[in-house]
Amino acid sequence: MTAPTKPTIPAQADAAETVGDDLHAPVIDWFEEHARDLPWRRPDAGPWGVMVSEFMLQQTPVSRVLPVYEQWMARWPRPADLAEDTPGEAVRAWGRLGYPRRALRLHGAAVAITERHDGDVPTEHAQLLALPGIGEYTAAAVASFAYGQRHTVLDTNVRRVFARAVTGVQYPPNATTAAERKLARTLLPDDERTAALWAAASMELGALVCTAKNETCVRCPIAALCTWRLAGKPAHDGPPRRGQTYAGTDRQVRGRLLAVLREAVTPVPQSVLDRVWEEPVQRARALDGLVADGLVEPLVGGLYRLPHG
DNA sequence: AATACGTGGCC
DNA sequence: TGGCCAAGTAT
(Lines give C-alpha, C1' and ligand atoms only; values in the text may rest on other atoms or scores of the structure.)
Protein backbone atom coordinates (compact mmCIF):
# COMPACT_ATOMS: atom_id res chain seq x y z
CA MET A 1 0.00 0.00 0.00
CA THR A 2 1.07 3.54 -0.54
CA ALA A 3 1.22 6.08 2.19
CA PRO A 4 -0.92 8.98 1.09
CA THR A 5 0.59 11.29 3.63
CA LYS A 6 4.19 11.01 4.56
CA PRO A 7 4.68 11.79 8.22
CA THR A 8 6.58 14.96 8.80
CA ILE A 9 10.13 14.33 9.83
CA PRO A 10 10.51 15.61 13.36
CA ALA A 11 12.57 18.76 13.40
CA GLN A 12 14.89 17.19 15.92
CA ALA A 13 15.83 14.24 13.73
CA ASP A 14 16.27 16.58 10.82
CA ALA A 15 18.62 18.77 12.81
CA ALA A 16 20.35 15.73 14.23
CA GLU A 17 21.54 14.69 10.82
CA THR A 18 23.53 17.87 10.58
CA VAL A 19 24.51 17.88 14.23
CA GLY A 20 25.86 14.33 14.06
CA ASP A 21 28.65 15.37 11.77
CA ASP A 22 29.69 18.00 14.30
CA LEU A 23 29.63 15.57 17.21
CA HIS A 24 31.53 12.57 15.88
CA ALA A 25 35.04 13.97 15.59
CA PRO A 26 35.21 15.79 18.93
CA VAL A 27 33.75 12.86 20.86
CA ILE A 28 35.94 10.28 19.15
CA ASP A 29 39.05 12.45 19.58
CA TRP A 30 38.20 12.91 23.23
CA PHE A 31 37.75 9.15 23.60
CA GLU A 32 41.10 8.34 22.07
CA GLU A 33 42.69 10.71 24.54
CA HIS A 34 40.74 9.88 27.70
CA ALA A 35 39.36 6.35 27.38
CA ARG A 36 39.96 4.18 30.42
CA ASP A 37 42.32 1.28 30.02
CA LEU A 38 39.83 -1.46 30.85
CA PRO A 39 40.78 -5.13 30.48
CA TRP A 40 37.92 -5.95 28.15
CA ARG A 41 39.09 -3.20 25.80
CA ARG A 42 42.54 -4.67 25.35
CA PRO A 43 43.22 -6.54 22.13
CA ASP A 44 43.74 -9.82 23.95
CA ALA A 45 40.31 -9.71 25.59
CA GLY A 46 38.63 -11.18 22.53
CA PRO A 47 34.89 -11.54 21.90
CA TRP A 48 34.38 -13.75 24.94
CA GLY A 49 36.03 -11.18 27.18
CA VAL A 50 33.83 -8.46 25.73
CA MET A 51 30.75 -10.59 26.21
CA VAL A 52 31.59 -11.49 29.80
CA SER A 53 32.23 -7.86 30.61
CA GLU A 54 28.91 -6.82 29.11
CA PHE A 55 27.02 -9.31 31.23
CA MET A 56 28.79 -8.14 34.37
CA LEU A 57 28.38 -4.46 33.57
CA GLN A 58 24.61 -4.65 33.26
CA GLN A 59 23.44 -2.35 36.04
CA THR A 60 26.78 -2.70 37.78
CA PRO A 61 29.66 -0.19 38.18
CA VAL A 62 33.01 -0.86 36.52
CA SER A 63 34.90 -0.73 39.82
CA ARG A 64 32.99 -3.70 41.17
CA VAL A 65 33.23 -5.68 37.95
CA LEU A 66 37.00 -5.48 37.53
CA PRO A 67 38.14 -8.06 40.12
CA VAL A 68 35.39 -10.53 39.29
CA TYR A 69 36.06 -10.21 35.59
CA GLU A 70 39.75 -11.01 36.04
CA GLN A 71 39.03 -14.12 38.08
CA TRP A 72 36.30 -15.23 35.71
CA MET A 73 38.47 -14.97 32.61
CA ALA A 74 41.38 -16.70 34.30
CA ARG A 75 39.13 -19.60 35.30
CA TRP A 76 37.02 -19.81 32.16
CA PRO A 77 39.08 -18.35 29.29
CA ARG A 78 36.75 -19.76 26.61
CA PRO A 79 32.98 -20.30 26.48
CA ALA A 80 33.50 -24.06 26.42
CA ASP A 81 35.40 -23.89 29.70
CA LEU A 82 32.46 -22.29 31.43
CA ALA A 83 30.01 -24.62 29.71
CA GLU A 84 31.80 -27.62 31.19
CA ASP A 85 31.36 -26.36 34.71
CA THR A 86 28.11 -26.31 36.67
CA PRO A 87 25.82 -23.29 36.62
CA GLY A 88 26.20 -23.22 40.39
CA GLU A 89 29.91 -22.57 40.05
CA ALA A 90 29.11 -19.62 37.82
CA VAL A 91 26.72 -18.28 40.45
CA ARG A 92 29.35 -18.76 43.13
CA ALA A 93 32.05 -17.00 41.13
CA TRP A 94 29.63 -14.18 40.46
CA GLY A 95 30.06 -13.30 44.12
CA ARG A 96 28.33 -10.14 45.21
CA LEU A 97 28.00 -8.51 41.82
CA GLY A 98 24.24 -8.58 42.13
CA TYR A 99 21.47 -9.89 39.89
CA PRO A 100 22.84 -13.45 40.01
CA ARG A 101 20.47 -14.57 37.28
CA ARG A 102 23.03 -12.94 35.00
CA ALA A 103 25.54 -15.59 36.05
CA LEU A 104 23.05 -18.30 35.21
CA ARG A 105 22.32 -16.76 31.84
CA LEU A 106 25.98 -16.25 31.05
CA HIS A 107 26.51 -19.94 31.76
CA GLY A 108 23.55 -20.76 29.56
CA ALA A 109 24.94 -18.58 26.82
CA ALA A 110 28.27 -20.37 27.07
CA VAL A 111 26.51 -23.72 26.68
CA ALA A 112 24.58 -22.44 23.67
CA ILE A 113 27.75 -21.04 22.09
CA THR A 114 29.48 -24.36 22.59
CA GLU A 115 26.59 -26.32 21.13
CA ARG A 116 25.42 -24.06 18.34
CA HIS A 117 28.41 -21.94 17.42
CA ASP A 118 31.34 -24.30 17.72
CA GLY A 119 32.56 -22.53 20.82
CA ASP A 120 32.93 -19.11 19.25
CA VAL A 121 30.93 -16.06 20.29
CA PRO A 122 28.66 -15.50 17.28
CA THR A 123 29.25 -12.47 15.11
CA GLU A 124 25.70 -11.77 14.00
CA HIS A 125 23.46 -9.49 15.99
CA ALA A 126 20.50 -11.87 15.62
CA GLN A 127 22.54 -14.83 16.84
CA LEU A 128 23.74 -12.86 19.84
CA LEU A 129 20.22 -11.72 20.61
CA ALA A 130 19.08 -15.33 20.68
CA LEU A 131 21.43 -16.15 23.56
CA PRO A 132 20.10 -16.08 27.12
CA GLY A 133 20.79 -12.84 28.95
CA ILE A 134 21.49 -10.90 25.78
CA GLY A 135 19.03 -8.20 24.85
CA GLU A 136 19.05 -5.37 22.36
CA TYR A 137 21.79 -3.44 24.08
CA THR A 138 24.20 -6.31 24.76
CA ALA A 139 23.82 -7.78 21.27
CA ALA A 140 24.72 -4.42 19.75
CA ALA A 141 27.54 -3.86 22.22
CA VAL A 142 29.22 -7.21 21.55
CA ALA A 143 28.81 -6.88 17.78
CA SER A 144 30.23 -3.38 17.91
CA PHE A 145 32.99 -3.69 20.51
CA ALA A 146 34.13 -7.21 19.74
CA TYR A 147 33.64 -7.29 15.99
CA GLY A 148 33.75 -3.65 14.99
CA GLN A 149 30.33 -3.72 13.40
CA ARG A 150 27.99 -0.78 12.87
CA HIS A 151 25.16 -0.87 15.40
CA THR A 152 23.26 1.61 17.53
CA VAL A 153 24.50 0.90 21.02
CA LEU A 154 21.92 2.53 23.20
CA ASP A 155 22.66 2.19 26.88
CA THR A 156 21.88 4.50 29.77
CA ASN A 157 25.04 6.54 29.18
CA VAL A 158 24.43 7.10 25.49
CA ARG A 159 20.77 7.88 26.10
CA ARG A 160 21.74 10.57 28.60
CA VAL A 161 24.33 12.10 26.26
CA PHE A 162 21.79 12.23 23.44
CA ALA A 163 19.09 13.60 25.72
CA ARG A 164 21.31 16.47 26.74
CA ALA A 165 23.42 17.21 23.70
CA VAL A 166 20.69 16.85 21.09
CA THR A 167 17.27 16.86 22.71
CA GLY A 168 18.12 19.44 25.32
CA VAL A 169 16.73 17.72 28.40
CA GLN A 170 18.48 16.60 31.55
CA TYR A 171 17.43 12.94 31.49
CA PRO A 172 16.16 10.49 28.90
CA PRO A 173 12.70 8.91 29.32
CA ASN A 174 12.21 6.06 31.77
CA ALA A 175 12.05 3.44 29.04
CA THR A 176 13.80 3.62 25.69
CA THR A 177 11.48 5.13 23.10
CA ALA A 178 11.18 4.76 19.36
CA ALA A 179 12.25 8.37 19.06
CA GLU A 180 15.49 7.62 20.87
CA ARG A 181 16.21 4.66 18.61
CA LYS A 182 15.55 6.77 15.59
CA LEU A 183 17.82 9.50 16.85
CA ALA A 184 20.56 6.96 17.56
CA ARG A 185 20.27 5.62 14.00
CA THR A 186 20.42 9.12 12.60
CA LEU A 187 23.52 9.97 14.58
CA LEU A 188 25.32 6.71 13.77
CA PRO A 189 28.25 7.35 11.41
CA ASP A 190 27.99 5.61 8.04
CA ASP A 191 31.46 4.16 8.12
CA GLU A 192 31.64 0.92 10.08
CA ARG A 193 34.88 1.62 11.89
CA THR A 194 33.80 5.15 12.78
CA ALA A 195 30.44 3.85 13.98
CA ALA A 196 32.10 1.38 16.33
CA LEU A 197 34.35 4.09 17.70
CA TRP A 198 31.40 6.41 18.09
CA ALA A 199 29.48 3.80 20.07
CA ALA A 200 32.30 3.30 22.54
CA ALA A 201 33.13 7.00 22.69
CA SER A 202 29.61 8.28 23.29
CA MET A 203 29.16 5.68 26.01
CA GLU A 204 32.43 6.61 27.69
CA LEU A 205 31.49 10.29 27.56
CA GLY A 206 28.31 9.52 29.45
CA ALA A 207 30.18 7.40 31.97
CA LEU A 208 32.98 9.87 32.70
CA VAL A 209 31.78 13.39 31.89
CA CYS A 210 28.09 13.60 31.08
CA THR A 211 27.13 11.74 34.25
CA ALA A 212 23.70 11.59 35.82
CA LYS A 213 24.79 13.76 38.75
CA ASN A 214 27.55 16.36 38.87
CA GLU A 215 28.25 16.38 35.16
CA THR A 216 31.50 18.14 34.30
CA CYS A 217 30.74 20.20 31.23
CA VAL A 218 34.13 21.90 31.44
CA ARG A 219 35.69 18.62 30.35
CA CYS A 220 33.11 17.91 27.67
CA PRO A 221 34.31 17.98 24.06
CA ILE A 222 30.87 18.97 22.79
CA ALA A 223 29.85 21.44 25.47
CA ALA A 224 29.78 24.22 22.90
CA LEU A 225 27.13 22.31 20.95
CA CYS A 226 25.14 20.88 23.84
CA THR A 227 21.50 21.89 23.55
CA TRP A 228 20.82 21.29 27.21
CA ARG A 229 23.75 23.38 28.39
CA LEU A 230 23.00 26.16 25.93
CA ALA A 231 19.45 26.26 27.27
CA GLY A 232 20.77 26.85 30.77
CA LYS A 233 20.60 23.20 31.89
CA PRO A 234 16.90 23.15 32.79
CA ALA A 235 15.99 20.62 35.48
CA HIS A 236 14.12 17.44 34.59
CA ASP A 237 10.39 18.05 34.74
CA GLY A 238 8.27 15.05 33.68
CA PRO A 239 7.28 12.20 36.00
CA PRO A 240 9.85 11.23 38.64
CA ARG A 241 12.08 8.36 37.65
CA ARG A 242 11.06 5.28 39.55
CA GLY A 243 13.33 4.53 42.42
CA GLN A 244 14.26 0.97 43.24
CA THR A 245 13.18 -0.06 46.67
CA TYR A 246 15.15 -2.79 48.30
CA ALA A 247 14.96 -2.95 52.09
CA GLY A 248 12.38 -5.47 53.17
CA THR A 249 11.72 -6.81 49.69
CA ASP A 250 11.93 -10.34 48.40
CA ARG A 251 15.10 -9.29 46.65
CA GLN A 252 16.80 -8.66 49.94
CA VAL A 253 15.71 -12.05 51.25
CA ARG A 254 16.85 -13.78 48.08
CA GLY A 255 20.18 -12.06 48.42
CA ARG A 256 20.66 -13.34 51.92
CA LEU A 257 19.65 -16.87 51.05
CA LEU A 258 21.97 -17.00 48.08
CA ALA A 259 24.83 -15.53 50.10
CA VAL A 260 24.60 -18.48 52.47
CA LEU A 261 24.54 -20.99 49.61
CA ARG A 262 27.46 -19.34 47.81
CA GLU A 263 29.64 -19.74 50.87
CA ALA A 264 28.61 -23.31 51.56
CA VAL A 265 30.75 -26.16 50.28
CA THR A 266 28.17 -28.80 51.14
CA PRO A 267 24.36 -28.78 50.86
CA VAL A 268 22.67 -26.50 53.36
CA PRO A 269 19.79 -27.64 55.59
CA GLN A 270 16.56 -25.69 55.47
CA SER A 271 17.03 -24.85 59.15
CA VAL A 272 20.15 -22.87 58.35
CA LEU A 273 18.46 -20.95 55.57
CA ASP A 274 15.59 -20.18 57.90
CA ARG A 275 17.88 -18.02 60.00
CA VAL A 276 18.41 -15.41 57.31
CA TRP A 277 14.91 -13.95 57.61
CA GLU A 278 12.41 -13.82 60.41
CA GLU A 279 9.14 -13.71 58.50
CA PRO A 280 8.34 -17.26 57.32
CA VAL A 281 5.94 -16.50 54.47
CA GLN A 282 8.26 -14.11 52.72
CA ARG A 283 11.21 -16.36 53.44
CA ALA A 284 9.51 -19.34 51.83
CA ARG A 285 8.40 -17.27 48.86
CA ALA A 286 11.95 -16.06 48.30
CA LEU A 287 13.38 -19.55 48.44
CA ASP A 288 10.71 -20.88 46.10
CA GLY A 289 11.52 -18.08 43.74
CA LEU A 290 15.20 -18.92 43.73
CA VAL A 291 14.37 -22.56 42.99
CA ALA A 292 11.97 -21.55 40.24
CA ASP A 293 14.66 -19.35 38.73
CA GLY A 294 17.14 -22.22 38.76
CA LEU A 295 19.45 -20.40 41.14
CA VAL A 296 18.94 -22.96 43.89
CA GLU A 297 18.62 -26.71 43.68
CA PRO A 298 16.50 -28.51 46.27
CA LEU A 299 17.71 -31.94 47.31
CA VAL A 300 15.95 -34.66 49.25
CA GLY A 301 15.84 -34.26 53.01
CA GLY A 302 15.35 -30.50 53.06
CA LEU A 303 18.81 -29.73 51.74
CA TYR A 304 19.66 -27.00 49.27
CA ARG A 305 22.65 -26.10 47.14
CA LEU A 306 23.64 -24.08 44.10
CA PRO A 307 22.50 -25.77 40.87
CA HIS A 308 24.58 -28.61 39.46
CA GLY A 309 22.75 -29.22 36.32
C1' DA B 1 3.91 -1.14 29.86
C1' DA B 2 5.08 -2.02 34.28
C1' DT B 3 7.55 -4.79 37.39
C1' DA B 4 10.99 -7.97 39.39
C1' DC B 5 15.54 -8.64 39.81
C1' DG B 6 21.23 -7.47 44.01
C1' DT B 7 24.62 -4.84 45.76
C1' DG B 8 27.28 -1.14 47.48
C1' DG B 9 29.12 3.57 47.07
C1' DC B 10 28.14 8.34 47.15
C1' DC B 11 26.55 13.06 48.57
C1' DT C 1 20.79 9.30 56.31
C1' DG C 2 18.51 7.51 52.64
C1' DG C 3 17.35 8.11 48.01
C1' DC C 4 19.81 7.88 43.79
C1' DC C 5 22.56 5.55 40.68
C1' DA C 6 25.51 1.83 38.08
C1' DA C 7 27.41 -0.68 30.12
C1' DG C 8 19.70 -4.24 31.14
C1' DT C 9 16.89 -8.47 30.52
C1' DA C 10 12.81 -11.13 30.81
C1' DT C 11 8.12 -11.48 31.43
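Per-structure values
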read-out	value
Cα centroid of region A:204-231 to Cα centroid of region A:260-309, whole Å	46
Heavy-atom surface of region A:250-299, accessible at 1.4 Å and reported per residue (Å²)	53
Percentage of interatomic Cα-Cα distances in region A:64-126 larger than 21 Å	20
Convex hull of region A:152-301 built on C-alpha atoms - directionally averaged projected area, nm²	13.6
Histogram of C-alpha separations across region A:93-145, 5 Å bin width, %	4, 22, 27, 24, 16, 6, 1
Region A:129-241: proportion of alpha-carbon pairs further apart than 17 angstrom, %	55
With every protein chain in place, region A:250-299: carbon and sulfur % of accessible area (1.4 Å)	55
Hull volume in cubic angstrom per residue (convex hull over the Cα atoms of region A:39-145)	86
Principal axes of region A:250-299: Cα extent on each, largest first, Å	26, 21, 17
Trypsin sites (Lys or Arg not before Pro) lying in DSSP loop within region A:193-224, provided at most 14 other Cβ fall within 10 Å	A:213
Binned Cα-Cα distance frequencies in chain A - 10 Å width, integer %	6, 23, 27, 23, 14, 5, 1
Relative contact order [Cα under 8 Å, 6+ residues apart], chain A, whole percent	19
Net charge, residue A:306 excluded, C-beta distance under 9 Å - Lys, Arg +1, Asp, Glu -1	+1
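The values are calculated or read from the model by the stated rules, or taken from the named source; none is laboratory data. All figures in this text were calculated on a predicted structure; none of them were measured in a lab. When we count neighbours, we look across all protein chains shown, and the Cβ atoms used for this are built from the backbone with ideal geometry, even at glycine. Heavy atoms of the whole protein, side chains included, go into the accessibility calculation; ligands, DNA and RNA do not. Shrake-Rupley method; radii C 1.70, N 1.55, O 1.52, S 1.80 Å.
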